[in-house]
1. Among GLN100, GLN68, GLN285, whose mean-square fluctuation peaks in a Gaussian network model of the chain (Cα, cutoff 10 Å)?
2. Would you mind telling me which residue in LYS238, LYS18, LYS92 has the biggest mean-square fluctuation in a Gaussian network model of the chain, where springs connect alpha carbons within a distance under 10 angstrom?
3. Run lengths n ≥ 4 of DSSP H only: what is the helix-derived mean residue ellipticity at 222 nm for the chain, with -39500 (n - 2.57) per run over all residues, to the nearest 500?
4. Starting from 0 in steps of 5 Å, tell me what percent of the Cα-Cα pairs of the stretch 47-149 lands in each bin.
5. What residue among LEU292, LEU154, LEU218 has the largest mean-square fluctuation in a Gaussian network model of the chain, using Cα springs under 10 Å?
6. Take the residue pairs LYS28/LYS227; LYS28/LYS150; LYS28/LYS173; LYS150/LYS173; LYS92/LYS150 and return only those whose Cα atoms are more than 23 Å apart.
7. Nearest 10 degrees is fine. How inclined is helix 275-284 to the longest principal axis of the chain, computing both from alpha carbons?
8. Just to confirm the number: angle between the C-alpha axis of helix 106-119 and the first principal axis of the chain, 0 to 90 degrees, nearest 10?
Amino acid sequence: MIEVHNLNKRYGRHTAVKDISFEVGSGKIVGFLGPNGAGKTTTLRMLTGYLPPTSGSAQIAGYDMFRQSLKARRHIGYMPENVPLYDEMRVKEYIRYRAQLKGLRGKKLRSHVGEAMELCSLHEVRRKMIKTLSKGFRQRVGLADALVHKPDLLILDEPTNGLDPNQIRSIRKLIKRLGESHTVMVSTHILSEVEMTCDHVIIIDEGRIKATGSPSELVSQMRTAGKITVELKADATKASQALSQLANIKKVSLDSTDEGWSTLSILVDAHTDSRERIANLASEQNWPVRTLHRHTATLEEVFVELTRKD
Ligand SMILES: Nc1ncnc2c1ncn2[C@@H]1O[C@H](COP(=O)(O)OP(=O)(O)O)[C@@H](O)[C@H]1O
Ligand SMILES: [Mg+2]
């Protein structure tokens with residue numbers, strides 16, 4: 001659905017997007033994740049034909065975005081970062097107006113407007129002036145506008161930005177629902193958002209792609225795959241030393257002690273699990289164990305790992 005090859009964007013001397021390439025298959029919800037200033041909006045504006053790239057190419061639904069932009073754009077529903085809405089219009093009137101601008105007429109106009117309003121649950125506010133709507137409803141109006149011409153691809157730039165937690169939950173639910181009938185590319189700087197909504201993640205930082213994969217793949221690709229917590233009754237220093245000698249152990253540190261029990265954090269190499277070795281060592285040494293737990297890395301930790309400057 002989306003194919004991007006070596007896309008670059010320079011603003012004067014500053015390069016906002018550096019040589020990025022990626023593909024997005026049909027029917028996926030893809031998260032485009034990166035901190036503020038990473039180049040998300042710049043990339044999405046190039047993909048939707050609003051900003052010419054300095055170099056590189058992008059295909060949307062098989063059409064070259066820069067040479068066949070009208071055809072490509074017919075397949076895209078775009079919701080920009082700050083949805084520009086006409087405050088003085090009523091909701092339904094506005095969606096109708098936007099649909100007309102996109103070339104819809106007659107029966108098709110009526111049915112498409114109805115379906116977009118239905119999909120975004122706008123029926124109850126259809127006669128309200130846009131200026132009286134909450135931010136959550138304004139985002140729904142923006143979404144209805146983006147999908148009223150029935151594009152197969154939705155490109156949404158930070159759709160939950162500035163919403164309160166309830167509004168975020170409901171927009172997130174709506175995006176999941178839209179993902180059942182559309183390919184969705186959604187940008188965000190909030191990690192947990194991606195973990196909850198997306199099948200695939202593209203991580204961007206300082207204009208470059210740092211990683212791509214499913215949320216669980218990214219977690220498993222981490223260089224420092226995991227941490228094990230063990231709580232045992234032993235001399236903390238002696239136990240730390242012995243544990244450090246085991247295979248695949250990077251680092252052992254003491255978290256706390258409590259009436260003879262020591263809680264140790266053990267950093268292990270990627271793709272290893274040393275729990276069995278730890279249990280065997282404890283049993284050889286006659287150290288009672290009351291916790292032995294392996295933590296799975298969160299996407300948050302992956303992101304820190306991938307975007308840290310070292
Ligand atoms: N019109 C512009 N002129 C100059 N620099 C810009 C312009 N738009 C964005 N930038 C710069 O490009 C970088 C990427 O911005 P942007 O794509 O908006 O990032 P994001 O959406 O990830 O926050 C930032 O450093 C930003 O300051
Ligand atoms: Mg942005």
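Read-outs throughout are calculated quantities, based only on the coordinates presented, and are distinct from any laboratory measurement. None of these values were measured; they are calculated from a predicted model. Using ideal geometry, Cβ is built from the backbone for each residue, glycine included, and neighbour counts are taken over all protein chains shown.
1. Result for the chain, Cα springs under 10 Å: GLN285 fluctuates most.
2. LYS238
3. The helix-only estimate for the chain comes to -10000 deg cm²/dmol at 222 nm.
4. 2, 13, 22, 20, 17, 12, 8, 5, 1, 0
5. Taking springs between Cα atoms under 10 Å, the residue moving most is LEU292.
6. LYS28/LYS227
7. With both axes taken from Cα atoms, the answer is about 20 degrees.
8. 30
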